[in-house]
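The values are calculated or read from the model by the stated rules, or taken from the named source; none is laboratory data. None of the values given here were measured: they were computed from a predicted structure. Cβ atoms come from the backbone with ideal geometry, glycine included; neighbour counts cover every protein chain shown.
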Amino acid sequence: MKTLLSAAAAAALLAAPAMAEVKVGMITTLSGGGAGLGLDVRDGFLLAIAQSGRDDIEVVIEDDQQKPDIAVQIADEMIQSERVDVMTGIIWSNLAMAVVPAAVNQGVFYLSPNAGPSQLAGPGCHENYFNVAWQNDNLHEAAGAWANETGYTNSFILAPNYPAGQDALTGYKRFYEGELAGELYTQLGQTDYAAEIAQIRASGADSVFFFLPGGMGISFLKQYADSGVEIPVIGPAFSFDQGILQAVGDAALGVVNTSQWSKDIDNPTNAAFVESFEAEYGRLPSLYASQGFDTANLLLSALEVAEPSDADAFREALRAAEFDSTRGDFAFGPNHHPIQDIYAREVIREGDVFTNRIVGVALEDHADAYADECSM
């Protein structure tokens, strides 16, 4: 499925795209179990473009179906036929690894609103690649730090067996100071966790750390709550974010999770974003929506300085990151990954809506562990 949206069309939803000076290719997940993540990235990105009032930006949107081969086919078409200047949108790290290196080596700029595999932060870094969200390990590192502060000393940890899952457990272990009651890699897309929960029950763990984004996290949390196992859980925001919480319900109440964004971060940009997103789409924004919004605003800030055709000037404008982020303070490290605070949030209920509130700062001004491996 292909969607063509200019800034004016995104605002009015009825005007045809104007002649674009800048073309953006968005490859994201709009179908299947991970669709909610891609929809939120898309909607946050388009909201920022619409609010800019610019009618010279064309956004070409394609559904990768969460399949690397499909993502590669789409990327080739966007670069060779559509002649996009900038690419964005990919949710999953295995898709990012399949698409990003080839794209940036062809002179296209890639702005990641989500996936942040360690390979692209370290030896595989590139001057045309910018991650606006986080490096994959970051929120998991914060969970490890928060586990220490909470007093957990014997965690059972699990994640799917793909690049982001591997980075997740690496990140948690980098900061966590206790012992491990167990460590498991599950199948990507898995929905039955009876065997894993049985192992957790028998492990003697005092805590469970898990990274299971999208539908995987919904399945795990529901089954975990139904199992009667009462070992406390901790995780990154990906398993406790706005879209997931409504599906999980009471099983998530009280769980602490880590995130670089929350709807209650107290700054004017974030307050306006939350209000305008809910007004436009009829739902509270998620972590992914905030990342899409920030990615578009980074792009817009750079376009105020230079066009992508002037690659050196445009790259320097991206590095400067002179935009108002929903997170407040935002800066890129030397490998084009964020330096930012990461919060601990608690799942609460506000009326009939499950959401999160900040309960502390897990890591302050945090940078990723791979920047020294980047030769850029």
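General remarks:
- For Glu275: the one exception among (1) charged (D, E, K, R); (2) in the same structural domain as Gln66 (by TED's automatic domain parsing); (3) in contact with a Gly (Cβ under 9 Å, 6 or more places away or on another chain): (3)
- Listed conditions (1) in contact with a Phe, Trp or Tyr (Cβ under 7 Å, 6 or more places away or on another chain); (2) surrounded by 18 or more Cβ atoms within 10 Å (Cβ to Cβ) are all met by Gly215, apart from (1).
- Test: Leu169 is in contact (Cβ under 8 Å) with a residue 40 or more places away in the chain, assigned to a helix (DSSP H, G or I) and over 28 Å from Leu299 (Cβ atoms): yes
- Where a residue in segment 364-376 is closer than 15 Å to Thr258 by Cα and its partner, wherever it lies, is in a loop (DSSP other than H, G, I, E, B) and at pLDDT below 95, with Cβ under 9 Å and at least six apart: Asp365/Asp329
- The listed residue being outside any strand (DSSP E or B) and within 24 Å of Ser325 (Cβ to Cβ), out of Asn148, Asn114: Asn114
- All positions within segment 327-363 that are touching a residue at least 12 places away in the same chain (Cβ under 8 Å), exposed (fewer than 13 other Cβ atoms within 10 Å of the Cβ) and part of a strand (DSSP E or B): Val353, Gly360
- Any chance Val208 is crowded, with 23+ Cβ neighbours inside 10 Å and touching a Phe, Trp or Tyr at 6+ places or on another chain (Cβ under 7 Å): yes
- A search for C-beta distances below 9 Å between a residue of segment 48-62 that is closer than 13 Å to Leu303 by Cα and of a type in the set (S, T, N, Q) and any residue that is buried (at least 20 other Cβ atoms within 10 Å of the Cβ) and at pLDDT below 95, counting only pairs 6+ apart in sequence or on different chains, returns Ser52/Ala7.
- Lone unmet requirement of (1) under 21 Å from Leu39 (Cβ atoms); (2) in a helix (DSSP H, G or I); (3) out of contact with any Leu (no Cβ under 6 Å at 6 or more places or on another chain) for Tyr224: (1)
- Test: residue in segment 145-159 that is of a type outside the set (A, V, I, L, M, F, W, C) and more than 17 Å from Val233 (Cβ to Cβ): no
- Enumeration of residues in segment 295-306 that are surrounded by 15 or more Cβ atoms within 10 Å (Cβ to Cβ) and more than 30 Å from Gly243 (Cα to Cα): Ala302, Leu303, Ala306
- Candidate set: segment 278-294, residues that are among the hydroxyl-bearing types (Ser, Thr, Tyr) and within 19 Å of Pro236 (Cβ to Cβ); chosen: the one surrounded by the fewest Cβ atoms within 10 Å (Cβ to Cβ): Ser286
- Being of a type in the set (D, E, K, R), in a loop (DSSP other than H, G, I, E, B) and surrounded by fewer than 23 Cβ atoms within 10 Å (Cβ to Cβ) holds for only one residue in Asp266, Asp312, Asp250, and it is Asp266.
- If you check Asp206, Asp264 for being modelled with pLDDT of 95 or more and in contact with a helix residue (DSSP H, G or I) (Cβ under 9 Å, 6 or more places away or on another chain), only one passes: Asp264.
- Residue in segment 28-51 that is of a type in the set (Lys, Arg) and either on the phi > 0 side of the Ramachandran plot or in contact with a strand residue (DSSP E or B) (Cβ under 8 Å, 6 or more places away or on another chain) (or both) present: yes
- Here Gly124 qualifies as free of Cβ contacts under 8 Å to residues at least 60 places away in the same chain, in a loop (DSSP other than H, G, I, E, B) and not aromatic (Phe, Trp, Tyr).
- Asp294 falls short on exactly one of the conditions (1) among the acidic types (Asp, Glu); (2) touching a Ser or Thr at 6+ places or on another chain (Cβ under 9 Å); (3) not assigned by TED's automatic domain parsing to the domain that holds Phe109, and that condition is (3).
- Checklist (1) hydrophobic (A, V, I, L, M, F, W, C); (2) in contact with a strand residue (DSSP E or B) (Cβ under 8 Å, 6 or more places away or on another chain); (3) outside any helix (DSSP H, G or I); (4) without any contact (Cβ under 8 Å) to a residue 40 or more places away in the chain applied to Ile234, failing item: (4)
- Of all residues in segment 280-295 being of a type outside the set (Ser, Thr, Tyr) and part of a helix (DSSP H, G or I), the one that is farthest from Arg357 (Cα to Cα): Glu280
- Looking at segment 1-107, the helices (runs of 4 or more DSSP H) lying wholly inside it that each contain 1 or more residues that are at pLDDT 95 or above and surrounded by fewer than 24 Cβ atoms within 10 Å (Cβ to Cβ) sit at 35-52, 68-77, 93-105.
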